[in-house]
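The values are calculated or read from the model by the stated rules, or taken from the named source; none is laboratory data. Nothing here was measured: the structure is a model prediction, and the numbers come from that model. We place every Cβ from the backbone using ideal geometry, glycine too, and count neighbours over all the protein chains shown.
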Amino acid sequence: MRLVALDHVQLAMPPGREADAPAFYQHILGLPERPKPAHLAKRGGCWFERGALKLHLGVDKDFVPARKAHPAFIVEELPAIVATLKDAGYRVVEDEPLAGYNRVYADDPFGNRIELMEPLK
């Protein structure tokens, strides 16, 4: 027995804030929102997926943002993404270099830490 693949990453979000998610995940990061299956939609939250890249947001009534644990996404055109995030008022933090990458951390609309990494060419 062994792990074969990662199906999706789930982050938490506060109740009633689903409308805040697409501006960040869909419009800036380019992950289209996908309707949740009807039997799961009643729980709230939202899904963003493109091919094998899947990020799900689940509602947590006792929500606390993930400030250390985080997903890391490989991106293209990191400087343009950073400029768009800053222009939209999102917090962006540069960190120590990581061999082979330019990278930053950004806060999603709920304060969850998201790492954005662009491979050096």
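At a glance:
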{"quantity": "Test set (1) within 15 Å of the chain's Cα centre (by Cα); (2) modelled with pLDDT under 95 - Tyr105 fails condition number", "calculated": "(2)"}
{"quantity": "Close pairs from region 17-38: first under 26 Å from Asp62 (Cβ atoms), partner part of a loop (DSSP other than H, G, I, E, B) and acidic (Asp, Glu), Cβ under 9 Å, at least 6 apart", "calculated": "Asp20/Asp108; Ala21/Asp108; Phe24/Asp108; Tyr25/Asp108"}
{"quantity": "Residue check, Glu49 touching a strand residue (DSSP E or B) at 6+ places or on another chain (Cβ under 6 Å) and either in a loop (DSSP other than H, G, I, E, B) or surrounded by 17 or more Cβ atoms within 10 Å (Cβ to Cβ) (or both)", "calculated": "no"}
{"quantity": "Single condition Ala21 does not satisfy, out of (1) under 30 Å from Pro119 (Cβ atoms); (2) assigned to a loop (DSSP other than H, G, I, E, B); (3) among the aliphatic types (A, V, I, L, M)", "calculated": "(2)"}
{"quantity": "Any hit, region 61-74, residues being in contact with a helix residue (DSSP H, G or I) (Cβ under 8 Å, 6 or more places away or on another chain) and of a type outside the set (Phe, Trp, Tyr)", "calculated": "no"}
{"quantity": "Within region 4-19, tally of residues that are touching an Asp or Glu at 6+ places or on another chain (Cβ under 9 Å) and surrounded by 13 or more Cβ atoms within 10 Å (Cβ to Cβ)", "calculated": "5"}
{"quantity": "Residues within region 66-119 that are in contact (Cβ under 8 Å) with a residue 40 or more places away in the chain, in a loop (DSSP other than H, G, I, E, B) and either under 20 Å from Val9 (Cβ atoms) or among the charged types (D, E, K, R) (or both), tallied", "calculated": "15"}
